[in-house]
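Visitor: First, the structure itself, so that you have it in front of you.
Please treat every number below as a calculation from the coordinates, not as lab data. All figures in this text were calculated on a predicted structure; none of them were measured in a lab. Note that we place each Cβ from the backbone using ideal geometry, even for glycine, and neighbour counts take in every protein chain shown.
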Amino acid sequence: MKVSSALIFIALMLLIGGVLALMNPFAASLAVTTLVGIFFLASGVIQAWILFRAQAHDHRLWNGFVALLTIVAGVWLLANPLQGTVSLTLILGVVFFVMGVVRLLMATQLGGTPFLWLAILSGVASVGIGLLVFFDFASATSALLGLLLGFQLLAEGIGLMTFGVVARRKGY
């Protein structure tokens, strides 16, 4: 598969996910919290299993602590998905902000192409979502996480579509 085709395919999946999340932001919020909880729990269990099968090493205690902490975080998110959405909203605010800054830096490499404005729009949207979380955290309800996720997926889809189209025009 060509790089451009992979980027365009991923962009389409992100755009579809964004539309679905915006159609039901509460369900998207709970789904995200549940999936993160499952991933944390599975990761912690796998880390603990590896730790018990591995030979003794200098950082065994710390690795065990990380495994236990990851398991506890996963169980907590699964047991308290509504409270978990607030925590995840804060974490995603940071991620969106950083991703937006990176996307804007990447856009500087698209100078002279007609798609520069789309890459800039994608970066500005991500930075804006991150700032929205930081400056209006009090209203970070369970539906806000789903809305933020939907808009972020759309912004990332637009950004990756832009890079995919540019890569296709350059023969990648």
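Visitor: Once you put a point 7 Å from the Cα of I16 and another 7 Å from the Cα of M106, both along the Cβ direction, what distance in nm separates them?
Guide: Those two pseudo-labels are separated by 2.1 nm.
Visitor: Evaluate the distance, in nm, between pseudo-label points positioned 7 Å from the Cα of F134 and of H57 along their respective Cα→Cβ axes.
Guide: 3.6 nm
Visitor: Under a point-charge model restricted to the Cβ atoms of Lys and Arg (+1) and Asp and Glu (-1), what is the dipole moment magnitude of the chain relative to its Cα centre, in debye to the nearest 20?
Guide: Once rounded to the nearest 20, the dipole reads 540 debye.
Visitor: Counting only complete DSSP H runs, which helices of the chain cover 20 Å or more along their long axis at the Cα atoms and score a mean Kyte-Doolittle of 1.6 or above?
Guide: In the chain, the long hydrophobic H runs are 3-23, 25-53, 60-79, 81-107, 116-135.
Visitor: In region 47-115, how does Rg compare with the Kirkwood Rh, expressed as the Rg/Rh ratio over alpha carbon atoms?
Guide: 1.25
Visitor: Can you give the Kirkwood hydrodynamic radius of the chain from its Cα pairs, in Å with one decimal?
Guide: Mean inverse Cα-Cα distance, inverted, gives 17.8 Å.
Visitor: Determine the shape class of region 1-89: with a ≥ b ≥ c the square roots of the Cα gyration tensor eigenvalues, call it rounded for a/c under 1.5, and otherwise prolate if a/b is greater than b/c, oblate otherwise.
Guide: It comes out oblate by the Cα gyration axes.
Visitor: Okay, next question. Taking Rh as the Kirkwood radius computed over C-alpha pairs, what is the Stokes-Einstein D of region 112-172 at 20 °C in a medium of viscosity 1.002 mPa s, expressed in µm² per second?
Guide: 168 µm²/s
Visitor: If each of A42 and N24 carries a label point 7 Å out from its Cα toward its Cβ, how far apart are those two points in nm?
Guide: 2.1 nm
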